[in-house]
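In what follows, a single structure is set out as structure tokens and then discussed.
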Amino acid sequence: MKLRLDNGPLLSALVVLVLGAWMLSGQVGQPEAAPPRDRPVADAAPAVPVQVRRQVAETVEKQVLVQGSTAAGRAVTVRAELAGRVAAVGAREGTPVAAAALIARLHEEDLPQRLQRAADLAEQRRVEYEAARSLRGKGHLSEARLAEARSLLSAARAELAAIELARGKTRIVAPFDGILDAREVEPGDYVKVGDSIARVLDFSPWIIAGDVSEAEAPQVQTGAAATAALADGRQVSGRVRYVAAEADPATRTVRIEVEVADFPGRPVAGMSAALRIPVATVRAHRVSPALLTLDDSGRLGLKVVTGDNRVRLYPVRIVRADSYGVWVDGLPDEIDLITVGAGFVAPGERVRPVAAEKPATTGDREPAA
């Protein structure tokens, strides 16, 4: 039988069978390819160069820093205890006053007349009581009538004392030696009970008050030495006289007060002051704040190079600050601190440390990262 080549479908099927047989012949009998073994590992990325500086920790005082303000040891707002018109004023604002010195005087109105009537009535009741007691001694008066006379005498004397007290309240005086910081009334003003008349400050002692964080409060002890820089440039020293036993629930801070022994110049209340209170001696490193970073937990840290040329991030705490940088603890006593390139390397990464050209001195500022 002859094969007709012009049969299209039969020719296509024959071609497919031939190609399939040829492809299978190339796979049958061939061993399965084994995974490559002992393949050479690609070279690791080159170590990143970073600049480092060898530095050794120093012994420094750990300080608690507090932003506070100056205040008088005692401050009192003097208020009216009697309603009335101001008849006269005493000391001028900003001047020293002695205890019981006149600040303002109210009109007495009819108090003198009322006082005289009360005195006369009290005398009358006294005479009546003496007579009743004499009659009672002779048996001519009952015990009830004697008790009534005694009660009337007591009431008259109480009324006399009340009017005398009210008359004394027309004189508004300084409660202690101090400075009349403000006087809020002038002659002719009418005041009600409780109205503010003046404010008196006592600067002996003179204090600086502030709020310390609840974390640092346990480190501050009563009697501890402290220094303060005032807003006008003056420097003062003193001792902690008060540490609150309860934190402010709104700010979670604890109030402290430092008593200043010798104050240079005129004291002013309400002036800003930066307090420094030494609380311990620690070994710390001074670094630029620009070198500080945050770890995954949000804690401050510094990157250093370990002995095997790998980066390590140490958590640190700021001990104190000065014009050249911040002192931090939490580091080994001797470190290779990354001063340039810290932002380009991660903890655990191998680096190529390059020593700084010159060692840092006390007066040198740290280079920026």
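Does the stretch 101-111 contain at least one residue that is touching a residue at least 40 places away in the same chain (Cβ under 8 Å) and over 30 Å from I179 (Cβ atoms)?
yes
Yes or no: the stretch 214-229 includes at least one residue that is among the polar types (S, T, N, Q) and in contact with a Phe, Trp or Tyr (Cβ under 9 Å, 6 or more places away or on another chain).
Yes, the stretch 214-229 contains a residue that is among the polar types (S, T, N, Q) and in contact with a Phe, Trp or Tyr (Cβ under 9 Å, 6 or more places away or on another chain).
Go through the stretch 64-75 and give me each residue that's in contact with a Lys or Arg (Cβ under 9 Å, 6 or more places away or on another chain) and either surrounded by 20 or more Cβ atoms within 10 Å (Cβ to Cβ) or among the hydroxyl-bearing types (S, T, Y) (or both).
Within the stretch 64-75, V64, V66 meet the criteria.
For R320, all conditions in the list (1) closer than 18 Å to T281 by Cα; (2) in a loop (DSSP other than H, G, I, E, B) hold save one; what is the number of the exception?
With (1) closer than 18 Å to T281 by Cα; (2) in a loop (DSSP other than H, G, I, E, B) applied to R320, the lone miss is (2).
What number of residues in the stretch 65-75 are within 14 Å of the chain's Cα centre (by Cα) and modelled with pLDDT of 90 or more?
4
Could you check A104 against (1) surrounded by 14 or more Cβ atoms within 10 Å (Cβ to Cβ); (2) modelled with pLDDT under 95 and say which number it fails?
That leaves (2) as the condition not met.
Somewhere in the stretch 285-294, is a residue free of Cβ contacts under 8 Å to residues at least 24 places away in the same chain, surrounded by fewer than 16 Cβ atoms within 10 Å (Cβ to Cβ) and of a type outside the set (K, R)?
Yes: one or more hits.
Of the residues L160, L153, L135, only one is open to solvent by 70 Å² or more (accessible area, probe 1.4 Å), aliphatic (A, V, I, L, M) and part of a helix (DSSP H, G or I); which?
Of the residues listed, the single one that is open to solvent by 70 Å² or more (accessible area, probe 1.4 Å), aliphatic (A, V, I, L, M) and part of a helix (DSSP H, G or I) is L135.
Do we have R352 as loosely packed, with under 14 Cβ neighbours inside 10 Å, of a type outside the set (A, V, I, L, M) and part of a strand (DSSP E or B) here?
Yes; evaluated as a whole, the condition is true for this residue.
Select from the stretch 312-344 the residues that are aliphatic (A, V, I, L, M) and in contact (Cβ under 8 Å) with a residue 60 or more places away in the chain and list them in ascending order.
V319, A321, L331, I335, L337, I338, V340, A342
Tell me, which residue of the stretch 190-217 that is loosely packed, with under 14 Cβ neighbours inside 10 Å and of a type in the set (A, V, I, L, M, F, W, C) is nearest to the chain's Cα centre (by Cα)?
In this case the residue turns out to be A215.
Take the residues of the stretch 107-132 that are among the acidic types (D, E) and under 25 Å from I172 (Cα atoms): which is least open to solvent (accessible area, probe 1.4 Å)?
Filtering first and then ranking leaves E108.
Is it true that S237 is surrounded by 12 or more Cβ atoms within 10 Å (Cβ to Cβ), closer than 24 Å to F176 by Cα and among the polar types (S, T, N, Q)?
no
Looking at R312, R276, which is the one that is closer than 30 Å to I207 by Cβ, assigned to a strand (DSSP E or B) and open to solvent by 60 Å² or more (accessible area, probe 1.4 Å)?
Just one listed residue meets the conditions, R276.
With the condition kept exactly as written, say whether any residue in the stretch 80-98 is farther than 30 Å from D262 by Cβ, charged (D, E, K, R) and either open to solvent by 90 Å² or more (accessible area, probe 1.4 Å) or modelled with pLDDT of 95 or more (or both).
Taking every residue of the stretch 80-98 in turn, at least one turns out to be farther than 30 Å from D262 by Cβ, charged (D, E, K, R) and either open to solvent by 90 Å² or more (accessible area, probe 1.4 Å) or modelled with pLDDT of 95 or more (or both).
Within the stretch 163-188, how many residues turn out to be touching a residue at least 24 places away in the same chain (Cβ under 8 Å) and either among the basic types (K, R) or open to solvent by 60 Å² or more (accessible area, probe 1.4 Å) (or both)?
10
The values are calculated or read from the model by the stated rules, or taken from the named source; none is laboratory data. Nothing here was measured: the structure is a model prediction, and the numbers come from that model. With ideal geometry, Cβ positions are generated from the backbone for all residues, glycine too; neighbour counts draw on all protein chains shown. For accessibility, only protein heavy atoms count, side chains too; no ligands or nucleic acids. Shrake-Rupley method; radii C 1.70, N 1.55, O 1.52, S 1.80 Å.
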